[in-house]
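Structure first, then comments.
The values are calculated or read from the model by the stated rules, or taken from the named source; none is laboratory data. As the structure is a computational prediction, the values presented were derived from the model and not from experiment. Here the Cβ is made from the backbone with ideal geometry for all residues, glycine too, and neighbour counts use every protein chain on show.
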Amino acid sequence: MAKDFLQIEGVSRAELELLLDDASKNLPIAEQKVARKESLAGRVVANMFFEDSTRTRCSFETAVHRLGGEVFNLTESGSSTRKGESLVDTALNVEAMGVSAIVVRTSVSGGAALVAKRVRCPVINAGDGRHEHPTQGLLDLLTLREALGRLDGRVIAIVGDIANSRVARSAIHALTTFAARVRLVGPPTLVSEAYRHITTRPDLVSIHHDLDAILHDLDAIMMLRIQNERAAGGSVAGDYREMYGLTPARAAQLPGHAIVLHPGPVNRGVEIDDTVADDLPRSRILRQVTQGVAARMAVLERVLSQAGTTATVAA
Ligand code: CP
């Protein structure tokens, strides 16, 4: 595995399977069913989050704690980026404090890779613009594997704002690496033929604008939020819920075993209705969050086990 964890694209199935297996082993620790590990004892991880986050930031923080390490958070508000300091300069200064790894979220597509090129410690991409959200891709695979077993040949729909979604990009790479069949669904302004070709397996990806027509043979459906912060809302005509929302009537068209995913944050009553989001065990939305801690533990352990970085916490 590379020094950093920046994207799912290009990561082999074997490497992903190792990470998934490690994450599954870490799940009881993430769930606090067993005591924490000490694999990151003496390590400090910097969480640099220059875009808002609840799940990713808190689960990286929890993951570090569950591995016995220490973590600090830096957000744009209150940091010197407000005075004009660049992302890379900020990261170089954070590294100079002796941290063992940097977790980066940024609105800049490719921003995490820019940081990784300049610092010596491992960098984990916690979501960069419209590019990728690789730990989300891992936790999605974990949740699907737990529910469905094998992924080969499974049919999984990703519905909504594909154009602006780093979650969708990571999921497309992850799912096609495991030979799942991916149906991308949404309005033509947000879902076009071009998105089939972000993967080396376009034969596994199909484009759809009619959600009702594809519900009957799905093994899973992943609903996405319209990303108004990336100006997506203005390009969606008409009543979104009516055409693409996962309503109880649509959920009833899914096969009995099919599960519902959503990366969060959820806009209830827009892309998914309350009764569907809260319908356990079909809805795995909160299970994804728990799996996210286990996935991030696995990634942290992997990058730090390879890194020659030294402990920086005073004994
Ligand atoms: N899924 C996800 O990235 O959520 P946050 O933006 O809350 O981290």
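Points to keep in mind about this one:
- Failed item, numbered, when R55 is tested on (1) more than 16 Å from the chain's Cα centre (by Cα); (2) modelled with pLDDT of 95 or more: (1)
- Restricting attention to region 129-160, the residues that are small (G, A, S) and either assigned by TED's automatic domain parsing to the domain that holds V44 or within 16 Å of the ligand (Cβ to nearest atom) (or both) add up to 3.
- For A252: the one exception among (1) free of Cβ contacts under 8 Å to residues at least 60 places away in the same chain; (2) out of contact with any helix residue (DSSP H, G or I) (no Cβ under 6 Å at 6 or more places or on another chain); (3) surrounded by 12 or more Cβ atoms within 10 Å (Cβ to Cβ): (3)
- Among the residues of region 94-101, at least one is under 23 Å from S170 (Cβ atoms) and not acidic (D, E).
- Boolean, V289 is β-branched (V, I, T) and within 15 Å of the ligand (Cβ to nearest atom): yes
- When N93, N26 are screened for being crowded, with 18+ Cβ neighbours inside 10 Å, in the same structural domain as V303 (by TED's automatic domain parsing), more than 16 Å from the ligand (Cβ to nearest atom) and part of a helix (DSSP H, G or I), only N26 passes.
- Residues that are outside any strand (DSSP E or B), away from the ligand (no atom under 16 Å from the Cβ) and of a type in the set (D, E, K, R) within region 161-197 comprise E193, R196, listed in sequence order.
- Cβ separations smaller than 6 Å between residues 6+ apart or across chains give the following pairs from region 52-63 residues that are touching a residue at least 24 places away in the same chain (Cβ under 8 Å) to residues that are of a type in the set (G, A, S) and near the ligand (Cβ under 9 Å from one of its atoms): R55/G264; T56/A126; S59/G292.
- The set of residues from region 271-292 being surrounded by 16 or more Cβ atoms within 10 Å (Cβ to Cβ) and over 21 Å from the mean Cα position of the chain (by Cα) comprises D273, V276.
- Considering A101, A113, A126, the condition of being assigned by TED's automatic domain parsing to the domain that holds D22, touching a residue at least 60 places away in the same chain (Cβ under 8 Å) and within 16 Å of the ligand (Cβ to nearest atom) is satisfied by A126 alone.
- When S39 is tested against the conditions (1) of a type in the set (S, T, Y); (2) away from the ligand (no atom under 16 Å from the Cβ); (3) under 15 Å from the mean Cα position of the chain (by Cα), the lone failure is (3).
- Selected residue (criterion: nearest to A294 (Cα to Cα)) from residues of region 49-77 that are crowded, with 16+ Cβ neighbours inside 10 Å and among the acidic types (D, E): E61
- Some residue of region 67-78 being hydroxyl-bearing (S, T, Y) and assigned to a loop (DSSP other than H, G, I, E, B): yes
- Hits in region 261-286 (condition: more than 13 Å from the ligand (Cβ to nearest atom) and closer than 19 Å to D219 by Cα): E271, I272, V276, A277, D278, D279, L280, P281, R282, S283, R284
- Test: residue in region 2-16 that is of a type outside the set (D, E, K, R), in a loop (DSSP other than H, G, I, E, B), in contact with a Lys or Arg (Cβ under 9 Å, 6 or more places away or on another chain) and within 16 Å of the ligand (Cβ to nearest atom): yes
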